[in-house]
Each structure stands twice: as C-alpha cells, then as structure tokens.
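What follows draws every value from the coordinates through simple rules; no lab data is involved. Bear in mind the structure is a predicted one, so any value in this text is a computation, not a measurement. Reconstructed Cβ throughout: ideal geometry from the backbone, glycine too, with neighbour counts over all protein chains shown.
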Amino acid sequence: MAALVEYLDTCAAGRGRVVDLTPVSAHLASFDVDRWIATGGMEGAALGAFLAAYLERSTKLHHPRFLAHQVAVPHPYAALADLVAGITNNGMAVFEMGPPAVALERAMVRWLLAQVPWPDGSGVLTHGGSLANLTALLCARARANSNAWRQGVAARSLAVLAPASCHYSTARAVAVMGLGTDAVIPIGTDAAGRIEPADLAGALRRARGEGRRPIAVVANACTTSAGVYDPLRAVGEFCQREGIWFHVDGCHGAGAMLSPALRARVDGIDLADSIAWDAHKMLRTSALCAAVLFRDPRAAAQTFQQQAVYFDESQDQDRPNLFPLALECTKTSLGLKLFLVLAALGEGGLRAHVEGACRRTAEFHRIIVARPGFQCPVEPEANILCFRYGTQNGEQERIRQALMAEGSFYLSSTMLEGLRYLRMVVMNDHTTEAHIVALLTRIEQLAGKPAS
Ligand SMILES: *Cc1c(COP(=O)(O)O)cnc(C)c1O
C-alpha cells in the first residue's frame, strides 16, 4: 500500500518520467526474476522494493503528461473493485458463482441501456471492446443467417460494411467469424474518416455485386484515430430502409450520451441494433470493463445458440446465468468496477469528467493551431486531437521517440490521408493548458536538434 500511495503522489505532483522504455531483458535482470521464480519467498521489504521498482518504471497514466492512449486514468474505487474481485474470485458465468456480482452486472447493463435510452434492451459486460464488437457481429450474423452457428458460412457469401476508419477489431471479428477480411466492404469517408452517407448505397451495391449478403453496417462513435463521430442518424435510417443490422462501435465515445451538451454527436444512436461501449476508456474504470448492448433482447439471446436460453421458462429471471449472452465463461466482477466508480462520482461526476475532457481538448486545439509551425487536420469532436509540427512525416515519429526517451511527455501517433500526425488523448483531469504549452515548446526545441 505504501508503494502504491507513493506512486500516486509522485504522479499527481507531475514528478518523474511519464514513460520509461527500458527493454524487457533489462527489467527481468533488475527484478531478479529468475532467482525469485526458483526460490520464492518474496515478502516484506523485498516485496516492497520489487513493487517500488516496478511502479517507478510503469507507464504513468495518473501523470498529467500522459497524453497517449484512450485508457482511463482509473478511479481508485475501480482499483478497489479489482482487489475485491481478486480476493473473492466470483465467476459470473452462472448466478450461483457470484450473486452480488451478477446483480451489479445487471444493474450496470440497465444503467448503460438507460443512456441510449433502450429501457427494453439487453446486454452483457465483456472483457474489452474487441470482444463486444465480435459479440455484436455474431449476433448480426445469427439474424442474417440462423444456420451459420451450426453449419458455418459459405465462402464469400456475407459482408460487413464499414469505413476504413474503423478500429481493427472490426476486421478481426469478421476474420474470426470465418468470413475473411475481404468481407469488410469499405464505405467512403471524408478526409477526417467520417462515413459519407451518400456512399452507403454504393457500398451495398459493391457487396451485392460480389455476390455477398450484408449482415451489418458498422459506424464509429467515435473513430480511434481522429476521434470523429459518424453521422449515426443517416446511417441508421439507411439500415432501417435496407433491413440491415446497424452496429455502433462506441467503445471510446459513447459516453457523449451522458451529456446534453455532447448528445448531438451521437444523434441517432438509438436507431442502432447494437452498441459496443468501453467503460475503461471514458468512464474511469480500470481495464477491462466493456459492454455490448442490444436494442432487441430476443436478437441478443440468439448470439451463441439457436435455442434461446434467455426465454427458457426454467431460467429464473431474477437469478440469471450470464453465459448464454457472453463469449467468456469465467468473467471477473466487471459490474462492481463501474458501480463503485458511479457510487463515488455519481452520474453527474462522470458527466463532468467526459465534458471536461472534451472541453479541454477543444481549448488545447485552439492553442496548437494558433502556434506557428503546428497544424491540426481535424477540429476535435471528443478528447482525441491530431497535430503535427513542420511538414515531414518522419519528423513526427522522431519527435515522439525523443519525448519518450527523455520521459517528458507521452503521445501516440496516427496516419490520416497518408500524413503522419502526433496524437493526444486527453484522459487525465489534471492535464492543463500549461502542460500543453510546455509540450509545444519542447517539441520546437527537439525539432531544432539533429537526430541523435
Ligand atoms: C479502443 C477501441 C476498441 C477496442 O477496445 P478494447 O477494449 O481495447 O478491446 C474498439 N473500437 C474503438 C472505436 C476503440 O476506440
């Protein structure tokens, strides 16, 4: 506990490196891993020393100069839930293995559904958004082809329409389902990666032209790279007209539903058939904690079998088994994590976190575009911001590596329309304009230096 408190204090004060790229071999040697494996007996001061060294070199999400990825700065209550889950180790496939955990999962699914609002919907918590997307697409496949679960699918028979700006988990899900990644038929986008509704009919024609039957259209709320929202209402209306399953990948940005000020970004999300939503991104839980939500509980019940256990009369609805809805068998107590965050912050506290991150990102954008030499390709719509210094693609990655090497700032990077950009994701409530000004100054200094 002392080592963890020291870690959090160091991060909160903005002291020390935010990231440390010491390689695997050096870590293993300094932790004396082989000796500990052979002898065991790490306790007391030795355990404290190991944890201090481990934490010191860990990537510090609680540090205000952490700006790289979409992973939440977890609320301490989420970490407490991890500890409780680790000690109780209550399963979650069946009600008997953790009645309170199952109860909280049900409550959290109901709360997430209420944000859509889908009061009659259903859903399940999953270990991450990639699994949530796979689960939703399996459900879409079951609706389009109810024999697929038992008989598999014929080669080149099905398609999923999705923009190239989709997270790679969509293509992976399609491949995992045995459709082959060629089954992903791209929908045209604008330069920022937003679906062009005018191309939906064209994508459908291209799929049918290949003899494929589309099982789903996937839209982003928001995209991973540039953080922009697809026009969900237009896509949803198209899917309704054509009778195609509409999946919204809201892993990162579905939290806009919590805020009246941001709600317009996800206008039309209620037209979806399914939504994937990560709580470990914008909702302050530790990883992993995600949900897949379904508008129609009967469709959801058919994802993993043809005989819907959900409607099995012998199932006690107030003592539900979760395995029929989830790919996983054993799960950790995911609902407990989100519940404790909500119990600490309230809905209002989470809303303020989401709104604050998006508002500060807009402010940082104004600072960056006003600074000579810096450009932003897209006005941010969430808390993801792409920018570059100078005009060279290679220079962006060189700057990023130099920042990581000195441990001063941690950014990610991305490609948009063939250009390399630095990318920041504003996850930490304690990142201020002063940090961004310091970042820009440091980038100018590093760019002036020859590569070492
Ligand atoms: C992060 C992300 C995912 C993947 O979620 P994991 O929880 O990392 O598996 C999928 N889609 C989008 C849009 C994302 O931002």
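Sites listed here are GluC sites (Glu not before Pro) in the range 185-286 whose DSSP assignment is loop and whose Cβ has at most 11 other Cβ atoms within 10 Å, and the list is empty. Projected label points at ARG241 and TRP36, each 7 Å from Cα along the beta carbon direction, are separated by 6.1 nanometres. Over all pairs of different C-alpha atoms, the range 313-412 has a mean inverse distance whose reciprocal, the Kirkwood radius, equals 18.1 Å. Radius of gyration over Kirkwood radius for the range 1-62, both on Cα atoms: the Rg/Rh ratio is 1.01. The alpha-carbon atoms of the range 311-369 define a convex hull whose volume equals 169 cubic angstrom per residue. When each of the peptides 296-304, 337-345 is scored by the mean number of other C-beta atoms lying within 10 Å of its residues, the order from highest to lowest reads 337-345, 296-304. Have a look at the DSSP beta bridges in the chain and tell me what percent are antiparallel, nearest 5. Given both bridge residues lie in the chain, the antiparallel proportion sits at roughly 55 percent. Using only the Cα atoms of the range 392-452, each taken as one equal point scatterer with no solvent, compute I(q) by the Debye sum, divide by I(0), and report log10 of the ratio at q = 0.20, 0.23, 0.26 Å⁻¹. Computed log10 I(q)/I(0) values: -0.81, -1.03, -1.22. Taking all C-alpha pairs of the range 239-308, those more than 13 Å from each other amount to 69 percent.
Stretching the chain fully between ALA264 and ILE87 yields a gain of 59.5 nm (0.36 nm per residue, less the alpha carbon separation). The percentage of C-alpha pairs in the range 46-87 whose separation is greater than 11 Å is 73%. Taking N as the residue count of the range 126-204, its C-alpha radius of gyration divided by 2.2 N^0.38 Å amounts to 1.14. Just so you know, the Rg over Rh for the range 380-427 is 0.97, from Cα atoms, with Rh as the Kirkwood radius. Across the range 77-129, Cα pairs under 8 Å and at least six residues apart give a relative contact order of 21 percent. Under the Kirkwood approximation for Rh and a Cα-based Rg, what ratio Rg/Rh is obtained for the range 96-170? We get a ratio of 1.05 for the range 96-170.
Dipole check for the chain: with +1 at the C-beta of Lys and Arg, -1 at the C-beta of Asp and Glu, and the Cα centre as origin, the magnitude is about 820 Debye.
Mean sequence separation of contacting Cα pairs (under 8 Å, at least six apart), scaled by the length of the chain, corresponds to a relative contact order of 22 percent. For GLU6 and ALA191, the FRET efficiency from 1/(1 + (r/R0)^6), where r spans their Cβ atoms and R0 equals 56 Å, is about 0.75.
Here the scattering of the range 225-363 is modelled by Debye summation over its C-alpha atoms, one equal scatterer each and no solvent; at q = 0.09, 0.18 Å⁻¹ the log10 of I(q)/I(0) is -0.34, -1.17. Taking 7 Å steps out from each Cα toward its Cβ at ARG110 and ALA155 produces label points 5.0 nm apart. Taking each DSSP H run with n ≥ 4 as -39500 (n - 2.57) and averaging over every residue of the chain yields -13500 deg cm²/dmol at 222 nm. Expressed in units of 2.2 N^0.38 Å, where N is the residue count, the Cα radius of gyration of the range 1-152 is 1.44.
Loop only per DSSP, at most 14 neighbouring Cβ atoms within 10 Å: give me the GluC sites (Glu not before Pro) in the range 1-100, ordered by residue number. When the GluC sites (Glu not before Pro) of the range 1-100 are filtered for loop state and at most 14 Cβ neighbours within 10 Å, GLU43 remain. Report the residues of the range 210-251 in range of a label on SER146: point 7 Å along Cα→C-beta, backbone N strictly under 17 Å from it. Only 245 fall inside the zone, counting backbone N under 17 Å. A simple spin-label model places pseudo-atoms 7 Å from Cα toward Cβ; at MET415 and SER58 they are separated by 3.4 nm. Within the range 190-305, all pairs of alpha-carbon atoms sorted by distance into 5 Å bins from zero give the percentages 2, 11, 19, 22, 20, 15, 7, 3, 1.
The calculated P(r) of the chain, using every Cα pair and 20 Å bins from 0, goes 24, 53, 23, 1 in percent. Residue ranges 124-130, 328-334 sort as 124-130, 328-334 when ordered by packing (mean number of other C-beta atoms within 10 Å per residue, highest first).
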